[in-house]
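Each remark here refers to the structure printed beneath this line.
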Amino acid sequence: FLKTYFPTEFICAILSSAVSDEEKLINLLKSFRNEYPELKVHPPDINISKNYYAPTGYLEIVAPFSAVKGLGSKVSEALVEKQPYSSIFDFVLKSGNLGQGIVESFIDIGIFRSFGEKEKIMLEYKRHNSIRKRVGKVTNGDTDLFSGSLF
C-alpha cells in the first residue's frame with residue numbers, strides 16, 4: 001500500500017532504516033532508482049535535512065546529516081534542533097564549538113548551498129574566523145567580552 005500510494009515516504013523509511021549500513025544503502029538506492037528513474041536524492045542541506053531521509057517533493061528526497069561521514073549522532077541532533085539557519089554566521093553562532101575543519105568540510109560538500117556559492121561562503125567563514133582570532137588577541141583571550149555577538 002505505502003509503496004504504491006506513498007512511494008516517496010516509503011523510500012525515505014526504507015533508506016532511513018539502512019542509514020548505518022553503507023553497502024545496503026547503496027544497493028537500496030540502485031534498486032529504487034531502477035524502479036523509479038525520476039527519483040532524486042539530494043545531498044544534506046543545513047535547513048532541510050533531519051536525522052533521517054526526508055521527502056521534499058514527489059520522488060524527491062534529502063539525505064540526512066548522518067550521511068556525512070564522521071558526523072556523530074549528537075552533533076546531527078543538535079544541528080536539527082537549532083534549525084533554521086539564516087547564514088553561515090548564524091550557523092557558527094548557533095553551532096557553538098564545532099571545529100573549523102568540520103565547518104569547512106560542510107562547506108566543501110555543499111551543505112550550505114542555500115546560502116549561495118561554496119567559494120563565497122568559504123571566504124565569509126574564513127573572514128569571520130580571522131576577525132574572531134584578532135579580537136581574541138586584542139582582548140588577551142578574554143572573548144567573554146563579546147559573548148552573544150558574532151565573535
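The values are calculated or read from the model by the stated rules, or taken from the named source; none is laboratory data. The structure presented is a predicted model; accordingly, all values stated were derived computationally and were not measured. We place every Cβ from the backbone using ideal geometry, glycine too, and count neighbours over all the protein chains shown. When the accessible area is computed, the model is the full protein with side chains, heavy atoms only, and any ligands, DNA or RNA have been set aside. Shrake-Rupley method; radii C 1.70, N 1.55, O 1.52, S 1.80 Å.
So here's what we get for this one:
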quantity	calculated
Given (1) in contact with a Pro (Cβ under 8 Å, 6 or more places away or on another chain); (2) open to solvent by 50 Å² or more (accessible area, probe 1.4 Å), index of the condition S114 fails	(1)
Top-ranked residue of the range 78-108 - restricted to ones that are open to solvent by 70 Å² or more (accessible area, probe 1.4 Å) and modelled with pLDDT of 90 or more, ranked as farthest from S20 (Cα to Cα)	S86
Count of residues meeting criterion [touching a residue at least 60 places away in the same chain (Cβ under 8 Å), of a type in the set (A, V, I, L, M, F, W, C) and within 21 Å of H42 (Cβ to Cβ)] in the range 75-114	4
Count - residues of the range 1-48 that are surrounded by 13 or more Cβ atoms within 10 Å (Cβ to Cβ), within 20 Å of the chain's Cα centre (by Cα) and hydroxyl-bearing (S, T, Y)	2
